[in-house]
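Please treat every number below as a calculation from the coordinates, not as lab data. The shown structure was predicted, so the numbers you read here are calculated from the model rather than taken from an experiment. Using ideal geometry, Cβ is built from the backbone for each residue, glycine included, and neighbour counts are taken over all protein chains shown.
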Amino acid sequence: MVYFDASSAMPTRPEVIDEIVQYMRDDFGNPASIHGWGSAPKRGMERAREEIGKLINAMPEEIIFTSGATESINLALRGSLPHTEKGRMKVATSAVDHRSVRAIASALANSGYEVIDLEVDIYGVIDVEKADRVIGDDTALISIPYASPEVGSIQPYKELAELARRSGSLLHMDLTMAAFQEPIDVARMGIDLATLSSNDLLGPKGVGALYVRRGVKMTPVLRGGGHERGLRSGSENVAGIVGMGAAARICRERMGGVRKHLLGLRDRLSRGLLQIEGSHLNGHPTHRLPNNFNIRFDYIEGESMLMLLDMNGIGVGTGSACSSKNLEASHTLLSMGLPHEKAHGSMQITLNPLNTEEEVDHLIDVMPGIVSDLRAMSPLYNKEEGA
Amino acid sequence: MDRLEYNDMVLEHFKNPRNAGTLEEADAIGQVGNPVCGDMMEISINVKDDRIEDIRFRTFGCASAIATTSMLTEVVKGMRLEDAEKVTWDDVMKSLGGLPKIKVHCSLLAVDGLKAALYYYYKKVGVDRPDLKPKDEDEDHHHDVEVNIQDSPLV
Ligand code: FES
């Protein structure tokens with residue numbers, strides 16, 4: 001079985017699972033307790049906070065634990081906007097943003113905010129010049145991903161951070177897919193708020209964190225007992241948090257090796273798959289996340305392709321309309337200027353550090369047959385060829 | 001993507017589609033677009049003695065589109081034209097033992113493709129059948145996609 005869908009879920013590292021189990025079985029107490037059972041969980045949690053801080057060069061007290069990326073993004077946007085200066089009613093997001101950002105943006109649009117859609121180019125990279133024209137002293141917040149989660153293109157975050165600084169707006173960055181494979185320094189990068197997900201660090205699901213730069217004023221979204229400096233109430237998921245911390249530590253320690261491994265696999269994939277006639281890379285050719293390879297095949301549809309791959313024991317993603325819940329093609333691919341039928345034939349491969357060369361070779365072996373079988377059945381194929 | 005709940009018969013038709021491809025010399029070819037997801041379907045027929053003597057299909061669409069059309073071609077092959085035009089998407093879906101709700105529209109595409117082929121066949125032999133005429137592709141775009149969230153102001 002070959003799993004190439006890291007952007008949907010990652011495996012949890014075995015070392016991390018061992019730590020989690022300890023905090024479920026032995027150190028199960030509530031960190032808020034004054035009696036002895038509270039102290040080990042409290043220490044474990046604070047160690048995790050430090051580890052996550054170290055991964056992105058933040059202070060431990062700048063890390064707020066949440067239930068995952070969706071909650072972090074909700075807290076980042078909904079928690080910070082009430083404190084931005086009066087008169088700043090613009091929020092800038094883009095087609096390459098996390099789904100939650102887009103969902104919150106559409107709700108904000110109903111609450112009096114003007115939502116600006118930053119334009120992306122054919123590689124799925126935000127156009128800085130155009131962004132410069134729409135971001136100004138009426139902008140409250142800019143939200144961007146470090147890289148497009150779908151096509152992997154790294155965003156011009158330096159320029160956008162500079163824009164945020166000049167205009168006096170907050171900058172939120174989605175680091176979910178980036179943090180396990182790219183060196184991140186939130187202080188140097190000028191980020192005010194950053195979203196992290198434990199599972200994307202090869203930790204357990206259901207945990208995440210929000211980096212809140214010291215000095216950024218926030219209002220909680222979940223109110224209650226005042227945990228996490230009052231910003232996120234609810235008894236902490238200690239085992240999950242400890243797991244996230246352990247995962248972050250391993251990511252930091254092994255970053256160099258992991259990057260090299262992923263880049264090797266990605267190059268192998270691109271050498272093998274781009275040989276297929278009528279195939280094209282989606283996203284930036286070089287400036288992209290090491291684990292992301294997004295390719296499209298002319299004349300065929302993604303869901304059929306995915307199912308045939310699944311029958312061969314290979315799991316990948318697609319931007320095809322047929323496979324999405326709302327039957328709409330990938331927003332990212334469409335915004336890059338791809339016509340509907342091209343977005344249809346896209347295949348998204350997202351690698352995790354545990355993938356191997358043999359797995360890549362298996363995909364390279366079966367892919368040409370799948371593509372030609374589906375093309376033989378496609379009314380678009382010889383229509384374009386013959387005409 | 002979400003793993004779809006396709007039953008075994010649908011998967012079997014998807015893996016081994018019947019009558020896929022084109023006909024050497026088709027009497028008529030119908031081509032329609034799916035108004036919901038934007039896919040395409042093509043059905044070619046040969047007619048003899050008012051019966052569908054042979055039939056082929058090609059689709060630029062999902063597994064459900066492939067399976068339903070495969071089933072449809074099996075159902076109507078050899079059928080009298082007047083009976084074939086009465087086959088509904090519901091019949092096809094039932095013969096397949098059902099489809100995931102979100103995939104029902106793909107079976108419409110199969111039936112519309114057949115109707116279009118019949119329309120052009122009748123046209124060729126001098127019979128006008130406006131009731132079988134393929135609809136404009138862009139009509140009713142995304143008409144039955146459910147929206148279940150209503151946005152209210154954020155607090
Ligand atoms: S043909 Fe697109 S969803 Fe079935």
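Among beta bridges identified by DSSP and lying wholly in chain A, the antiparallel ones come to about 50 percent.
Can you give the convex hull volume per residue for the Cα atoms of the stretch A:255-378, as a whole number of Å³?
Details: hull volume 13.5 nm³, N = 124.
Here the figure is 109 Å³ per residue.
Counting only Cα atoms, the size of the stretch A:8-155 along its three principal axes is 57, 36, 27 Å, in decreasing order. By the scheme Lys and Arg +1, Asp and Glu -1, what is the net charge of all other residues having a beta-carbon under 15 Å from that of A:LEU160? Around A:LEU160, the charge tally is -4.
The tail of the calculated P(r) for the stretch B:3-147, taken as Cα-Cα distances beyond 22 Å, holds 34 percent of the pairs. Across the stretch B:25-92, the volume of the C-alpha convex hull divided among the residues equals 83 Å³ per residue. With Rh defined as the Kirkwood radius, the inverse of the mean 1/r over Cα pairs, the Rg/Rh of the stretch A:13-251 is 0.99. Computed over chain A with a Gaussian network model linking Cα atoms closer than 10 Å, the most mobile of A:VAL216, A:VAL316, A:VAL120 is A:VAL216. Judged by a Cβ-Cβ distance under 4.7 Å, the unpaired cysteines of the protein assembly as shown are A:CYS251, B:CYS37, B:CYS106.
Centroid-to-centroid, using Cα positions, the stretch B:67-109 and the stretch A:37-115 are 49 Å apart.
Beta bridges per DSSP, both residues in the stretch A:136-197: antiparallel share near 10 percent.
Normalised by the residues of the stretch A:1-113, what does the relative contact order come to in percent, with Cα pairs under 8 Å and at least six apart?
Relative contact order for the stretch A:1-113 comes out at 12 percent.
In the stretch A:326-387 the Cα-Cα distances spread across 5 Å bins starting at 0 as 3, 13, 16, 18, 19, 19, 9, 2, 1, 0 percent of all pairs.
Between 0 and 90 degrees, the angle of helix A:302-311 with respect to the longest Cα principal axis of chain A falls at about 90 degrees. Taken as Cα centroids, the stretch B:38-59 and the stretch A:229-282 sit 48 Å apart, rounded to the nearest whole angstrom. Considering all alpha-carbon pairs of the protein assembly as shown, what whole percent are spaced by more than 47 angstrom? Here the tail beyond 47 Å accounts for 21 percent of pairs. Pairs A:LYS90/A:LYS158; A:LYS342/B:LYS135; B:LYS101/B:LYS135; A:LYS205/B:LYS15; A:LYS342/B:LYS94; A:LYS86/A:LYS217: which exceed 26 Å Cα-Cα? Going by Cα-Cα distance, A:LYS205/B:LYS15; A:LYS342/B:LYS94 fall outside the 26 Å limit. Its alpha carbons considered, the stretch A:156-216 gives a radius of gyration followed by a Dmax of 12.3, 38 Å.
Work out, in µm²/s and without decimals, the Stokes-Einstein translational diffusion coefficient of the stretch A:184-279 at 37 °C, 0.692 mPa s, Rh from Kirkwood over C-alpha pairs. After rounding, the answer is 200 µm²/s.
Taking every pair of alpha-carbon atoms in the stretch A:91-176, what share in percent sits in each 5 Å bin, from 0 to the bin with the longest distance? Per 5 Å bin, starting at zero, the Cα-Cα P(r) for the stretch A:91-176 comes out as 3, 16, 29, 27, 18, 6, 1 percent. Nearest 10 degrees is fine. How inclined is helix A:99-109 to the longest principal axis of chain A, computing both from alpha carbons? So the helix axis and the longest Cα principal axis differ by about 70 degrees.
The lysines whose alpha-carbon is closer than 18 Å to the alpha-carbon of B:LYS133, local same-chain residues fewer than 8 away aside, are B:LYS86, B:LYS115, B:LYS123, B:LYS124.
Placing +1 on the Cβ of every Lys and Arg and -1 on the Cβ of every Asp and Glu, with nothing else charged, gives the stretch A:182-278 a dipole about its Cα centre of roughly 200 debye.
Over the residues of chain A, the helix contribution to mean residue ellipticity at 222 nm works out to -12500 deg cm²/dmol, using -39500 (n - 2.57) for each DSSP H run of at least 4.
Please give me the summed charge of the neighbours of A:CYS251: other residues whose Cβ is under 13 Å from its Cβ, Lys and Arg +1, Asp and Glu -1.
Details: positive: A:ARG13, A:LYS54, A:ARG249, A:ARG252, A:ARG254, A:ARG259; negative: A:GLU15, A:GLU51, A:GLU182, A:ASP200, A:GLU253.
So the surrounding residues net to +1.
A cut-off under 14 angstrom between Cβ atoms defines the neighbours of A:GLY38, and their net charge, with Lys, Arg +1 and Asp, Glu -1, is -2. Taking every residue in B:65-71 and counting other chain Cβ atoms within 10 Å of its Cβ, the average works out to 2.
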